[in-house]
1. Net charge near residue 29: determine it from the other residues with C-beta under 9 Å of the C-beta of residue 29, scoring Lys and Arg +1 and Asp and Glu -1.
2. Report, in debye and to the nearest 20, how large the dipole of the chain comes out about its Cα centre when Lys and Arg carry +1 and Asp and Glu carry -1 on their Cβ.
3. Could you check which residue among 157, 132, 52 shows the biggest mean-square fluctuation in a GNM of the chain with a 10 Å Cα cutoff?
4. Which chymotrypsin sites (Phe, Trp or Tyr not before Pro) from the stretch 33-110 combine a DSSP loop assignment with at most 14 other Cβ atoms within 10 Å?
5. Counting only heavy atoms of the protein chains, get the accessible area per residue of the chain (1.4 Å probe) and round it to a whole Å² value.
6. Under 12 Å from the Cβ of residue 199, count the other residues' Cβ atoms, weight Lys and Arg +1, Asp and Glu -1, and hand me the total.
7. Length gain on complete extension for the stretch residue 92 to residue 8, per 0.36 nm per residue less the alpha carbon to alpha carbon distance?
8. Within the set of other residues whose C-beta is less than 15 Å from the C-beta of residue 211, count the net charge using Lys and Arg as +1 and Asp and Glu as -1.
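The values are calculated or read from the model by the stated rules, or taken from the named source; none is laboratory data. If you're wondering where the values come from, they're calculated on a predicted model, not measured in any experiment. Virtual Cβ from ideal backbone geometry, glycine too; neighbours counted across all protein chains shown. Calculation scope for accessible area: heavy atoms of the full protein, side chains included, ligands and nucleic acids excluded. Shrake-Rupley method; radii C 1.70, N 1.55, O 1.52, S 1.80 Å.
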Amino acid sequence: MRILLIEDDTTLGAAVRDQIAADGQSVDWVTRLDAAGDALRGASHDLILLDLMLPDGRGIGFLKGLRAQGDVTPVIILTALDQVSDRIEGLNAGADDYLVKPFDLSELSARIGSVARRYSGNPNPIVSHGPLDIDLAARSIHRNGKPVQLTAREWALFEAFLARPGQLLSKTQLEDKLYAFGAEVESNTIEVHVSRLRKKLGPAIIETERGMGYRLGKP
(Lines give C-alpha, C1' and ligand atoms only; values in the text may rest on other atoms or scores of the structure.)
Protein backbone atom coordinates (compact mmCIF):
# COMPACT_ATOMS: atom_id res chain seq x y z
CA MET A 1 0.00 0.00 0.00
CA ARG A 2 0.90 3.65 -0.37
CA ILE A 3 0.13 5.43 2.89
CA LEU A 4 -0.07 9.16 3.62
CA LEU A 5 1.09 10.04 7.14
CA ILE A 6 -0.02 13.47 8.43
CA GLU A 7 1.84 14.03 11.70
CA ASP A 8 3.77 17.07 12.99
CA ASP A 9 5.53 15.32 15.88
CA THR A 10 8.87 14.52 14.26
CA THR A 11 9.86 11.81 16.73
CA LEU A 12 6.58 9.92 16.39
CA GLY A 13 6.38 10.58 12.68
CA ALA A 14 9.82 9.08 12.10
CA ALA A 15 8.94 6.02 14.17
CA VAL A 16 5.68 5.46 12.29
CA ARG A 17 7.38 6.02 8.93
CA ASP A 18 10.07 3.47 9.78
CA GLN A 19 7.47 0.94 10.99
CA ILE A 20 5.48 1.23 7.76
CA ALA A 21 8.66 0.95 5.69
CA ALA A 22 9.71 -2.14 7.67
CA ASP A 23 6.34 -3.67 6.75
CA GLY A 24 7.30 -3.17 3.10
CA GLN A 25 4.77 -0.40 2.45
CA SER A 26 5.32 3.01 0.90
CA VAL A 27 4.78 6.09 3.09
CA ASP A 28 4.63 9.81 2.26
CA TRP A 29 5.04 11.88 5.43
CA VAL A 30 3.86 15.49 5.74
CA THR A 31 3.54 17.72 8.81
CA ARG A 32 0.86 20.16 7.67
CA LEU A 33 -2.64 19.93 6.21
CA ASP A 34 -1.80 22.08 3.20
CA ALA A 35 1.04 19.70 2.33
CA ALA A 36 -1.37 16.77 2.82
CA GLY A 37 -3.73 18.27 0.28
CA ASP A 38 -0.87 18.63 -2.21
CA ALA A 39 0.18 15.02 -1.60
CA LEU A 40 -3.33 13.69 -2.22
CA ARG A 41 -3.59 15.66 -5.44
CA GLY A 42 -0.20 14.38 -6.59
CA ALA A 43 -0.67 10.64 -6.02
CA SER A 44 -3.20 7.95 -5.19
CA HIS A 45 -3.00 6.72 -1.60
CA ASP A 46 -4.52 3.56 -0.15
CA LEU A 47 -4.78 4.80 3.44
CA ILE A 48 -4.31 7.99 5.48
CA LEU A 49 -2.91 8.23 9.02
CA LEU A 50 -4.19 11.53 10.40
CA ASP A 51 -3.18 13.51 13.48
CA LEU A 52 -5.93 15.81 14.77
CA MET A 53 -3.89 18.76 16.04
CA LEU A 54 -1.67 20.21 13.31
CA PRO A 55 0.09 23.57 12.89
CA ASP A 56 -2.32 24.85 10.24
CA GLY A 57 -5.61 23.40 11.48
CA ARG A 58 -7.57 20.49 12.92
CA GLY A 59 -7.54 17.11 11.32
CA ILE A 60 -11.29 16.71 11.87
CA GLY A 61 -12.02 19.56 9.47
CA PHE A 62 -9.63 18.07 6.92
CA LEU A 63 -11.34 14.67 7.22
CA LYS A 64 -14.80 16.17 6.87
CA GLY A 65 -13.62 17.97 3.76
CA LEU A 66 -12.37 14.75 2.22
CA ARG A 67 -15.64 12.96 2.85
CA ALA A 68 -17.68 15.92 1.56
CA GLN A 69 -15.71 15.70 -1.70
CA GLY A 70 -16.56 12.01 -1.99
CA ASP A 71 -13.06 10.81 -1.11
CA VAL A 72 -13.45 7.35 0.45
CA THR A 73 -9.78 6.69 1.20
CA PRO A 74 -9.66 4.86 4.55
CA VAL A 75 -8.48 7.05 7.44
CA ILE A 76 -7.03 6.06 10.80
CA ILE A 77 -6.84 8.90 13.33
CA LEU A 78 -3.68 9.06 15.48
CA THR A 79 -4.14 11.49 18.37
CA ALA A 80 -3.53 12.25 22.02
CA LEU A 81 -7.19 13.25 22.41
CA ASP A 82 -8.58 10.33 24.37
CA GLN A 83 -12.03 11.41 25.53
CA VAL A 84 -15.02 9.37 24.39
CA SER A 85 -16.47 12.52 22.85
CA ASP A 86 -13.28 12.93 20.76
CA ARG A 87 -13.54 9.36 19.51
CA ILE A 88 -17.20 9.82 18.62
CA GLU A 89 -16.43 13.04 16.76
CA GLY A 90 -13.66 11.39 14.77
CA LEU A 91 -15.68 8.34 13.81
CA ASN A 92 -18.72 10.42 12.94
CA ALA A 93 -16.54 12.60 10.72
CA GLY A 94 -15.70 9.53 8.64
CA ALA A 95 -12.67 7.92 10.26
CA ASP A 96 -12.35 4.15 9.96
CA ASP A 97 -10.36 3.70 13.17
CA TYR A 98 -9.07 5.79 16.08
CA LEU A 99 -5.77 5.14 17.84
CA VAL A 100 -4.78 7.08 20.96
CA LYS A 101 -1.16 8.12 21.57
CA PRO A 102 1.04 6.67 22.83
CA PHE A 103 0.44 3.43 20.98
CA ASP A 104 2.40 0.31 20.14
CA LEU A 105 3.75 0.34 16.59
CA SER A 106 2.85 -3.31 16.13
CA GLU A 107 -0.75 -2.48 16.98
CA LEU A 108 -0.68 0.27 14.37
CA SER A 109 0.50 -2.25 11.75
CA ALA A 110 -2.32 -4.60 12.74
CA ARG A 111 -4.93 -1.85 12.50
CA ILE A 112 -3.64 -0.75 9.09
CA GLY A 113 -3.96 -4.33 7.86
CA SER A 114 -7.44 -4.72 9.32
CA VAL A 115 -8.76 -1.54 7.72
CA ALA A 116 -7.15 -2.41 4.39
CA ARG A 117 -8.78 -5.85 4.38
CA ARG A 118 -12.20 -4.38 5.09
CA TYR A 119 -11.84 -2.03 2.13
CA SER A 120 -10.70 -4.86 -0.13
CA GLY A 121 -14.05 -6.54 0.53
CA ASN A 122 -12.65 -9.48 2.46
CA PRO A 123 -12.09 -8.86 6.18
CA ASN A 124 -11.02 -12.48 6.66
CA PRO A 125 -7.22 -12.54 7.13
CA ILE A 126 -7.00 -16.18 5.95
CA VAL A 127 -6.79 -16.55 2.18
CA SER A 128 -6.18 -19.59 -0.02
CA HIS A 129 -4.83 -19.36 -3.55
CA GLY A 130 -4.06 -22.65 -5.25
CA PRO A 131 -1.38 -24.42 -3.16
CA LEU A 132 -0.89 -21.32 -1.01
CA ASP A 133 -2.38 -20.76 2.44
CA ILE A 134 -1.96 -17.10 3.37
CA ASP A 135 -2.45 -15.43 6.74
CA LEU A 136 -2.60 -11.70 6.02
CA ALA A 137 -2.64 -10.74 9.70
CA ALA A 138 0.38 -12.85 10.60
CA ARG A 139 2.04 -12.07 7.24
CA SER A 140 2.79 -15.75 6.70
CA ILE A 141 2.51 -18.08 3.72
CA HIS A 142 2.56 -21.86 3.44
CA ARG A 143 2.99 -23.59 0.08
CA ASN A 144 1.74 -27.16 0.07
CA GLY A 145 1.89 -27.03 3.85
CA LYS A 146 5.48 -25.77 4.02
CA PRO A 147 6.32 -22.26 5.25
CA VAL A 148 7.69 -19.75 2.74
CA GLN A 149 9.74 -16.77 3.87
CA LEU A 150 9.23 -13.48 2.02
CA THR A 151 11.07 -10.22 2.54
CA ALA A 152 8.98 -7.21 3.57
CA ARG A 153 9.09 -5.81 0.02
CA GLU A 154 8.18 -9.16 -1.55
CA TRP A 155 5.26 -9.48 0.86
CA ALA A 156 4.00 -5.97 0.06
CA LEU A 157 4.16 -6.69 -3.67
CA PHE A 158 2.35 -10.01 -3.33
CA GLU A 159 -0.28 -8.37 -1.12
CA ALA A 160 -0.89 -5.79 -3.86
CA PHE A 161 -1.71 -8.60 -6.29
CA LEU A 162 -3.92 -10.41 -3.76
CA ALA A 163 -5.94 -7.24 -3.18
CA ARG A 164 -6.72 -7.00 -6.91
CA PRO A 165 -7.21 -10.54 -8.22
CA GLY A 166 -7.41 -10.65 -12.00
CA GLN A 167 -6.55 -6.97 -12.37
CA LEU A 168 -3.62 -5.98 -14.56
CA LEU A 169 -1.19 -3.77 -12.64
CA SER A 170 1.39 -1.73 -14.50
CA LYS A 171 4.99 -1.43 -13.40
CA THR A 172 4.38 2.22 -12.50
CA GLN A 173 1.34 1.32 -10.36
CA LEU A 174 3.37 -1.27 -8.47
CA GLU A 175 6.26 1.12 -7.91
CA ASP A 176 3.79 3.69 -6.53
CA LYS A 177 2.54 1.11 -4.04
CA LEU A 178 6.02 0.18 -2.83
CA TYR A 179 8.00 3.41 -2.87
CA ALA A 180 7.46 6.90 -1.47
CA PHE A 181 7.95 10.26 -3.16
CA GLY A 182 11.59 10.87 -4.02
CA ALA A 183 12.71 7.27 -3.53
CA GLU A 184 15.25 6.07 -6.07
CA VAL A 185 13.92 2.99 -7.84
CA GLU A 186 16.08 0.86 -10.12
CA SER A 187 14.53 0.31 -13.55
CA ASN A 188 14.31 -3.47 -13.04
CA THR A 189 13.24 -3.50 -9.37
CA ILE A 190 9.70 -4.79 -9.97
CA GLU A 191 10.96 -7.45 -12.38
CA VAL A 192 13.44 -8.67 -9.76
CA HIS A 193 10.79 -8.91 -7.03
CA VAL A 194 8.35 -10.69 -9.37
CA SER A 195 11.05 -13.19 -10.31
CA ARG A 196 11.76 -13.91 -6.65
CA LEU A 197 8.07 -14.38 -5.89
CA ARG A 198 7.78 -16.88 -8.73
CA LYS A 199 10.73 -18.85 -7.41
CA LYS A 200 9.30 -18.99 -3.90
CA LEU A 201 5.56 -19.34 -4.63
CA GLY A 202 5.43 -21.02 -8.02
CA PRO A 203 6.13 -19.95 -11.63
CA ALA A 204 2.47 -19.34 -12.42
CA ILE A 205 1.71 -17.19 -9.35
CA ILE A 206 2.13 -13.97 -11.33
CA GLU A 207 1.29 -13.61 -15.01
CA THR A 208 2.99 -11.12 -17.32
CA GLU A 209 1.27 -9.15 -20.05
CA ARG A 210 4.33 -8.06 -22.02
CA GLY A 211 4.59 -4.30 -22.23
CA MET A 212 1.46 -3.90 -20.08
CA GLY A 213 2.08 -5.20 -16.58
CA TYR A 214 1.40 -8.10 -14.21
CA ARG A 215 -1.57 -9.85 -12.64
CA LEU A 216 -2.16 -12.56 -10.06
CA GLY A 217 -2.21 -15.96 -11.72
CA LYS A 218 -5.22 -18.24 -11.55
CA PRO A 219 -5.40 -20.59 -8.53
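1. On the way: positive: 17; negative: 7, 28.
The answer is -1.
2. Values: 26 positive and 30 negative charges, 223 e Å.
The calculation lands at about 1080 debye.
3. 132
4. Values: sites: 62, 98, 103; in loops: 103.
Passing sites in the stretch 33-110 are 103.
5. Numbers: 10850 Å² over 219 residues.
Per-residue value: 50 Å².
6. On the way: positive: 143, 196, 198, 200; negative: 154.
Result for the neighbourhood of residue 199: +3.
7. Working: separation 84, 0.36 × 84 = 30.24 nm, distance 2.35 nm.
Taking 0.36 nm per residue and subtracting the Cα distance, the gain is 27.9 nm.
8. Details: positive: 171, 210, 215; negative: 191, 207, 209.
With Lys, Arg at +1 and Asp, Glu at -1, the net is 0.
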